[in-house]
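One structure is given here, and the rest of the page talks about it.
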Amino acid sequence: MKLIIDDAHMDRIKRVYEFYPVDGVTTNPTILAESGRAPYDVLKEIRRFIGDGAQLHVQAVSRDAKGMVEEARRITSELGGNTFVKVPSLPEGFKAMKKLHAEGILITATAVYTPMQAFLAAKCGASYAAPYINRIDNMGYNGIQVAKHIHDIFRNNGLKTEVLAASFKNSQQLLELCEYGVGASTVAPDVIEGLVKNTAITAAVEDFIKDFEGLAGIGKTMANC
């Protein structure tokens with residue numbers, strides 16, 4: 001499962017990249033608005049930092065297919081290869097997806113709440129479909145089960161599209177989808193940090209260090225004992 005940062009603040013992105021094995025960055029209009037900066041200034045800085053080999057997902061905001069296609073062309077022109085244009089899974093979005101796929105532009109189908117939305121997006125040529133786990137839960141359904149269902153639909157129908165699970169509230173949700181083998185998840189930095197934030201882990205490491213220092217001396221390590 002690919003692990004992708006869901007943020008547009010460079011300090012947070014850099015911290016996650018420093019410590020964790022991640023595969024890229026996703027953004028959306030809300031995240032970009034929170035940065036308080038011009039969209040392409042933020043996105044170009046992210047692209048420069050993560051490099052051309054990492055995935056960058058950027059959302060189109062037009063309400064009609066023509067506008068989405070125009071945005072997608074600008075997005076990929078400005079940000080280069082391995083940039084996925086996020087297109088909403090609505091009728092106008094499906095129309096845009098077909099056009100973009102024919103042009104070779106990479107697509108992430110977003111605003112996915114149902115398996116049939118994801119199926120239609122896959123048939124239109126989307127590389128990813130992004131179900132909103134927590135938002136689906138808030139509607140009274142099981143977001144994790146919906147994501148698994150979508151994954152199975154893709155595999156059972158021979159579709160190359162992958163699940164890009166989004167909108168997590170805790171690391172347990174991420175664990176379940178990782179265990180199931182979904183293609184990717186996009187996660188906020190605090191949830192990524194929470195994957196290993198555990199007092200028992202910290203205490204165990206501190207006990208080992210204290211025992212070693214009791215043997216070799218305070219501040220000693222295997223490099224200088």
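The values are calculated or read from the model by the stated rules, or taken from the named source; none is laboratory data. What you are looking at is a predicted structure, and each value in this text was computed from that prediction instead of being measured. Every residue, glycine as well, gets a Cβ built from its backbone with ideal geometry; the counts of neighbours run over all protein chains shown. Note: areas computed on protein heavy atoms with side chains; ligands, DNA, RNA excluded. Shrake-Rupley method; radii C 1.70, N 1.55, O 1.52, S 1.80 Å.
Brief remarks on what is shown
- Note on the stretch 30-45: residues that are open to solvent by 40 Å² or more (accessible area, probe 1.4 Å) and closer than 19 Å to Asn82 by Cα amount to 5.
- Residue in the stretch 92-106 that is of a type in the set (A, V, I, L, M, F, W, C), under 22 Å from Ser185 (Cα atoms) and either open to solvent by 70 Å² or more (accessible area, probe 1.4 Å) or under 13 Å from the mean Cα position of the chain (by Cα) (or both) present: no
- For beta carbons closer than 8 Å, sequence separation of 6+ or different chains, a first residue in the stretch 38-52 that is in contact (Cβ under 8 Å) with a residue 12 or more places away in the chain and a second that is part of a loop (DSSP other than H, G, I, E, B) and among the polar types (S, T, N, Q), the qualifying pairs are Val42/Thr27; Leu43/Thr27; Ile46/Thr27; Asp52/Asn82.
- Residue in the stretch 161-184 that is of a type in the set (Lys, Arg), farther than 22 Å from Asp7 by Cβ and either assigned to a helix (DSSP H, G or I) or in contact (Cβ under 8 Å) with a residue 24 or more places away in the chain (or both) present: no
- Top-ranked residue in the stretch 156-177 [being aliphatic (A, V, I, L, M) and surrounded by fewer than 21 Cβ atoms within 10 Å (Cβ to Cβ); ranked as farthest from Thr30 (Cα to Cα)]: Leu159
- Candidates Ile218, Ile153, Ile136, Ile144, filtered to the one that is loosely packed, with under 15 Cβ neighbours inside 10 Å and either over 15 Å from the mean Cα position of the chain (by Cα) or of a type in the set (Phe, Trp, Tyr) (or both): Ile218
- Residues that are open to solvent by 50 Å² or more (accessible area, probe 1.4 Å) and charged (D, E, K, R), drawn from the stretch 46-81: Arg48, Asp52, Arg63, Asp64, Lys66, Glu70, Arg73, Arg74, Glu78
- Selection status of Lys86, touching a His at 6+ places or on another chain (Cβ under 8 Å), charged (D, E, K, R) and either outside any loop (DSSP other than H, G, I, E, B) or closer than 20 Å to Leu164 by Cα (or both): yes
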